[in-house]
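Student: Here it is, the structure in full.
The values are calculated or read from the model by the stated rules, or taken from the named source; none is laboratory data. These figures come from a predicted structure and were not determined experimentally. Methodologically, a virtual Cβ is constructed for each residue, glycine included, from the backbone with ideal geometry; neighbour enumeration extends over all protein chains shown.
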Amino acid sequence: MQNQAYIIHHARIAGNKLYRNGELIFTAQAEGFADFAKQAYKELNLDYPKFYKMDNLSKLAILCADVVLSEAYNHQNVAILLSNKSGSLDTDRRHQASIQQEDNFYPSPAIFVYTLANICLGEISIRHDLKSENIFLINETFDAETMHAQASYLLQSKKADYVLCGWVELFDEKYKAVLYLVGPSGQTEHSINQINDLINK
Amino acid sequence: MEELKAELKAKIIQVLNLEDVSAEDIKDDDSLFGDGLGLDSIDALELIVLLDKEYGIKLSDPKQGKAIFESINTMAEFIAENRTK
Amino acid sequence: MFDPVYIHAYNMLTPLGLDLATNWQSLLANQSGIARHQVGKIKDVFVAKISEEKFRKERQALLIPKGLSRLEQMLFIVGRPIISNLSITSRTAFILSTTKGNVSSLQEGITDEAYLYSSAKKIAEIFGFVTKPIVVCNACVSGLSAVAMAKRMIQMKQCDDVVILAADEVSEFVLSGFQAFQAVSDAPCRPFDANRNGVTLGEAAAMMYVSSQKSRLEIIGESSISDANHISGPSRTGEGLYRSIRGALKEAGIGAAEVDYISAHGTATLYNDEMEAIAFNRASLAQVPVNSLKGYYGHTLGASGLLELILSCESLVKDELISSKGFSHLGVSQPINIITQTANQQLSVVLKTASGFGGSNSAMLIKKI
């Protein structure tokens, strides 16, 4: 059985810049992530009003996923394996602030729902209609070995036809997202070395 | 009442993150849910928080929300009658 | 294609007992861990909290290492009895499942403690794990996802055995959020009941050890499929859960008729329980005896998948079905077979399901050999 898989597409967002397959496709003069996200949204012609209801982590995830996944992958069996370091802490702070004082205790459902790291993954599933395997992992640094093994499992077991993997990290104004799509054919070998190269560049 | 309605429109746009919507776009009798502004279940819950935080109204039964949030008109009427802030 | 993976040992720490045996006795005696408490600034609410008195006594008796948060102490206590007897090697993986970790520390701002991997690191060090810990944070399916992940890691030969720990605490942070969703029950929760009106939150820690060595309990199938529908409401057709169940059955190579018992997610919200009933019917499981354990433990979030999976295994091993506490009259639109009396029953295969925010779902089949 052919066990070798390939990295088909990848995308990166960091420091006001957006890359597709290693090529810079957009750079913004922006004051902070929220501003960058708005500009990137318009640049990519997302046309997805729900975007504005998302927290920053989900916006980052959606933008990066949009660059990797063309419409051809919508409704397909594309599993999603994401990870980061800070979980949902950026939004956790906002929820905590809404309940910190007894005399100003107004928790918001729209904020609370984003106080789980995997919601950003859920947003990608919804946008691209991906009824598929998924998991969100937390670690200090990207765990290429585990990601590689889990993605390989999904393809070898045929539980998925493709796997969208990567790192979506945001806390305060520090953000970095690197997503890569793994499948049965492509330019780059799906290997731990190649993955580390992508993530750590 | 007109002031309250204008205030409501501004607050709703802000609280529900309705980015490409301006106060002028929302007619007083437009249906907020369904076809109108296309608000969803989380938005409905968010409006319940708005009633409490801005106007001091705690809904005893959240199911009342459906009737209250039908339009800006129904919201304003309910708030004018029940506000404690 | 892949070698089978087996469940060897497990333990739990909950309001119903600080070990597995005590918990099982409490369930047989129909006891509930749910009671009225104050949680932070939230006065008078039903939650399932571990007695501070019992916890303190246990801490003193065990000489717990210093510098551990309450959550980490729970993890230490639940893991110690089994882990201290394991041979941990460089081929032993460690997975932690938690949704919010040291969530109460957020009141003081963002410190090291707030990062979920910090608890995993501390526990790994204490127990002597040498591999890099893995933290699964997948909403309320985390506990089940963690076991599925452990199985897959072994099957891919990334490791030979895995220790899985799971825990979440009752907190003002989470409770206030569920209240904002109008999703908290005003009485102890009533899964699948006509008068249910929301969740009761709970806290627990659980531990499981799995490996490729043969044992009585085999993980024969698992699948976790997203609804891809809404981030907080489950699919009205139960699509993701239905596909997860089908996927697990397919992997196991069995049909619905071979499932003897379902341990459902059963959070007691209007929507979740309805969705599960629909999914079970679609999967031809309407006749299978089913319960929710949340009437005893409340919803323990990141611990729930593992806690309830362990109790499903105990049901299998002991051939005993536990009644679905809090249930009186069926309150879902599709017929399902709720267990209303704790009783003996020959059991071979159990299906455990879970669902969570983000539209996640998970299904796992365990077979007693």
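Student: When the residues of segment A:98-109 are narrowed to those that are in a helix (DSSP H, G or I) and facing chain C (nearest Cβ under 7 Å), which ends up farthest from C:Tyr115 (Cα to Cα)? Before the answer, list the steps.
Tutor: Of segment A:98-109, the ones in a helix (DSSP H, G or I) are A:98-99, A:102-104, A:109.
Next cut, facing chain C (nearest Cβ under 7 Å) only: A:99, A:102, A:109.
Details: A:Ile99: 20, A:Glu102: 26, A:Pro109: 23 Å.
Here the answer is A:Glu102.
Student: Related question: Out of the residues in segment C:326-349 meeting the condition of being in contact with a helix residue (DSSP H, G or I) (Cβ under 8 Å, 6 or more places away or on another chain) and of a type outside the set (Gly, Ala, Ser), tell me which one is surrounded by the fewest Cβ atoms within 10 Å (Cβ to Cβ).
Tutor: Within segment C:326-349, the first condition is being in contact with a helix residue (DSSP H, G or I) (Cβ under 8 Å, 6 or more places away or on another chain), and the residues that meet it are C:326-327, C:331-336, C:342, C:347-349.
Checking the rest, the ones that are also of a type outside the set (Gly, Ala, Ser) come to C:327, C:332, C:334-336, C:342, C:347, C:349.
Numbers: C:Phe327: 22, C:Val332: 21, C:Gln334: 15, C:Pro335: 12, C:Ile336: 21, C:Thr342: 17, C:Leu347: 21, C:Val349: 20.
If we take residues in segment C:326-349 being in contact with a helix residue (DSSP H, G or I) (Cβ under 8 Å, 6 or more places away or on another chain) and of a type outside the set (Gly, Ala, Ser), then C:Pro335 is surrounded by the fewest Cβ atoms within 10 Å (Cβ to Cβ).
Student: Taking C:Leu309 as the residue in question, decide whether it is surrounded by 24 or more Cβ atoms within 10 Å (Cβ to Cβ), among the aliphatic types (A, V, I, L, M), within 14 Å of another protein chain (Cβ to nearest Cβ) and closer than 25 Å to C:Thr99 by Cβ. Even if it seems obvious, please write down each step before you answer.
Tutor: On the way: surrounded by 24 or more Cβ atoms within 10 Å (Cβ to Cβ): yes; among the aliphatic types (A, V, I, L, M): yes; within 14 Å of another protein chain (Cβ to nearest Cβ): no; closer than 25 Å to C:Thr99 by Cβ: yes.
So C:Leu309 does not fit the description; no.
Student: Kindly list, by first and then second residue, each pair from a residue in segment C:39-54 that is more than 14 Å from chain A (Cβ to nearest Cβ) and without any contact (Cβ under 8 Å) to a residue 60 or more places away in the chain to a residue that is part of a strand (DSSP E or B) and of a type outside the set (Val, Ile, Thr), limited to pairs with Cβ atoms under 7 Å and residues at least 6 apart or on different chains.
Tutor: C:Asp44/C:Arg36; C:Asp44/C:Gln38
Student: Among the numbered criteria (1) under 23 Å from A:Lys85 (Cα atoms); (2) in contact with a strand residue (DSSP E or B) (Cβ under 9 Å, 6 or more places away or on another chain), which single criterion is violated by C:Glu108?
Tutor: Of (1) under 23 Å from A:Lys85 (Cα atoms); (2) in contact with a strand residue (DSSP E or B) (Cβ under 9 Å, 6 or more places away or on another chain), only one is false for C:Glu108: (2).
Student: Return the residues of segment C:122-137 that are closer than 13 Å to C:Gly67 by Cα and either among the basic types (Lys, Arg) or facing chain A (nearest Cβ under 7 Å) (or both); say none if nothing qualifies. Steps first, answer last, please.
Tutor: The first filter runs over segment C:122-137 and keeps only residues closer than 13 Å to C:Gly67 by Cα, leaving C:122-123, C:125-126.
The answer is C:Lys122, and nothing else.
Student: Can you find a residue that is assigned to a loop (DSSP other than H, G, I, E, B), more than 7 Å from every other protein chain (Cβ to nearest Cβ), at pLDDT 95 or above and within 17 Å of C:Leu116 (Cβ to Cβ) anywhere in segment A:90-97?
Tutor: Kept after step one, since they are assigned to a loop (DSSP other than H, G, I, E, B), are these residues of segment A:90-97: none.
No, segment A:90-97 contains no residue that is assigned to a loop (DSSP other than H, G, I, E, B), more than 7 Å from every other protein chain (Cβ to nearest Cβ), at pLDDT 95 or above and within 17 Å of C:Leu116 (Cβ to Cβ).
Yes/no matrix, rows are residues, columns are (1) outside any loop (DSSP other than H, G, I, E, B); (2) within 13 Å of chain A (Cβ to nearest Cβ):
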| position | (1), (2) |
| --- | --- |
| C:Asn229 | no, yes |
| C:Arg236 | no, no |
| C:Ala248 | yes, yes |
| C:Glu251 | yes, yes |
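Student: A follow-up question, please. Does segment A:35-51 include one or more residues that are more than 8 Å from chain C (Cβ to nearest Cβ), surrounded by 24 or more Cβ atoms within 10 Å (Cβ to Cβ) and among the aromatic types (Phe, Trp, Tyr)?
Tutor: Yes, because at least one residue in segment A:35-51 is more than 8 Å from chain C (Cβ to nearest Cβ), surrounded by 24 or more Cβ atoms within 10 Å (Cβ to Cβ) and among the aromatic types (Phe, Trp, Tyr).
Student: Is it fair to say B:Ile13 is assigned to a helix (DSSP H, G or I) and under 19 Å from C:Ser232 (Cβ atoms)?
Tutor: Details: assigned to a helix (DSSP H, G or I): yes; under 19 Å from C:Ser232 (Cβ atoms): no.
No.
Student: Kindly list, by first and then second residue, each pair from a residue in segment A:167-181 that is of a type in the set (D, E, K, R) to a residue that is not in a strand (DSSP E or B), limited to pairs with Cβ atoms under 8 Å and residues at least 6 apart or on different chains.
Tutor: Short answer, once both residue conditions are applied: A:Glu169/A:Lys85; A:Glu169/A:Ser86; A:Asp172/A:Asp90; A:Glu173/A:Gly32; A:Glu173/A:Phe33.
Student: Restricting attention to segment A:167-201, and to residues there that are part of a strand (DSSP E or B) and acidic (Asp, Glu), which single residue is farthest from A:Asp90 (Cα to Cα)?
Tutor: Start the filter on segment A:167-201 by keeping residues that are part of a strand (DSSP E or B), which leaves A:167-171, A:174-183, A:188-189.
Now narrow it down to the ones that are acidic (Asp, Glu): A:169, A:189.
Values: A:Glu169: 10, A:Glu189: 34 Å.
Per the stated criteria, the residue is A:Glu189.
Student: Looking at segment A:110-127 only, could you name the residues that are of a type outside the set (Gly, Ala, Ser), facing chain C (nearest Cβ under 8 Å), assigned to a helix (DSSP H, G or I) and surrounded by 24 or more Cβ atoms within 10 Å (Cβ to Cβ)?
Tutor: If the condition is that a residue be of a type outside the set (Gly, Ala, Ser), facing chain C (nearest Cβ under 8 Å), assigned to a helix (DSSP H, G or I) and surrounded by 24 or more Cβ atoms within 10 Å (Cβ to Cβ), then A:Phe112, A:Ile119, A:Leu121, A:Glu123 are the ones that fit.
Student: Just the residues that are more than 7 Å from every other protein chain (Cβ to nearest Cβ), among the aromatic types (Phe, Trp, Tyr) and outside any strand (DSSP E or B), please, taken from segment A:128-166.
Tutor: Passing the criteria: only A:Phe142.
Student: Now, a different point. Starting from residues that are more than 14 Å from every other protein chain (Cβ to nearest Cβ) and surrounded by 22 or more Cβ atoms within 10 Å (Cβ to Cβ), keep the ones in segment C:350-369 and report whichever is farthest from C:Gly198 (Cα to Cα). Give the derivation first.
Tutor: Taking segment C:350-369 and keeping what is more than 14 Å from every other protein chain (Cβ to nearest Cβ), we get C:350-353, C:365-369.
Subsequent filtering for residues that are surrounded by 22 or more Cβ atoms within 10 Å (Cβ to Cβ) retains C:350-353, C:365-366.
Details: C:Val350: 26, C:Leu351: 24, C:Lys352: 21, C:Thr353: 19, C:Leu365: 27, C:Ile366: 29 Å.
For segment C:350-369, the residue satisfying everything is C:Ile366.
Student: Let me ask you something else. Can you say whether C:Arg236 is at pLDDT below 95 and either closer than 14 Å to C:Met364 by Cβ or among the basic types (Lys, Arg) (or both), as far as the supplied structure shows?
Tutor: yes
Student: For residues that are away from every other protein chain (no Cβ under 14 Å) and in contact with a helix residue (DSSP H, G or I) (Cβ under 7 Å, 6 or more places away or on another chain), tally how many sit in segment C:168-187. Explain how you work it out, then say what you get.
Tutor: Start the filter on segment C:168-187 by keeping residues that are away from every other protein chain (no Cβ under 14 Å), which leaves C:169-170, C:187.
After this cut, where a residue has to be in contact with a helix residue (DSSP H, G or I) (Cβ under 7 Å, 6 or more places away or on another chain) as well, the list is C:169.
The qualifying residues number 1.
Student: Residues A:Leu18, A:Leu63: which one is among the hydrophobic types (A, V, I, L, M, F, W, C) and free of Cβ contacts under 8 Å to residues at least 60 places away in the same chain? Can you show your working first?
Tutor: Values: A:Leu63 fails: free of Cβ contacts under 8 Å to residues at least 60 places away in the same chain.
Exactly one of A:Leu18, A:Leu63 is among the hydrophobic types (A, V, I, L, M, F, W, C) and free of Cβ contacts under 8 Å to residues at least 60 places away in the same chain, namely A:Leu18.
Student: Identify, please: which residue in segment C:157-167 is closer than 27 Å to C:Tyr115 by Cβ and of a type outside the set (Val, Ile, Thr) and is, among those, nearest to the other protein chains (Cβ to nearest Cβ)? Before the answer, list the steps.
Tutor: Start the filter on segment C:157-167 by keeping residues that are closer than 27 Å to C:Tyr115 by Cβ, which leaves C:158-159, C:161-167.
So of that shortlist, the ones also of a type outside the set (Val, Ile, Thr) come out as C:158-159, C:161, C:165-167.
Working: C:Gln158: 4, C:Cys159: 9, C:Asp161: 15, C:Leu165: 14, C:Ala166: 14, C:Ala167: 14 Å.
Applying the filter and picking the extreme gives C:Gln158.
Student: Right, here's the next one. Restricting the search to segment A:67-86, which residues are buried (at least 21 other Cβ atoms within 10 Å of the Cβ) and either within 19 Å of A:Glu23 (Cβ to Cβ) or among the aliphatic types (A, V, I, L, M) (or both)?
Tutor: Within segment A:67-86, A:Val67, A:Val68, A:Leu69, A:Val78, A:Ala79, A:Ile80, A:Leu81, A:Leu82 qualify.
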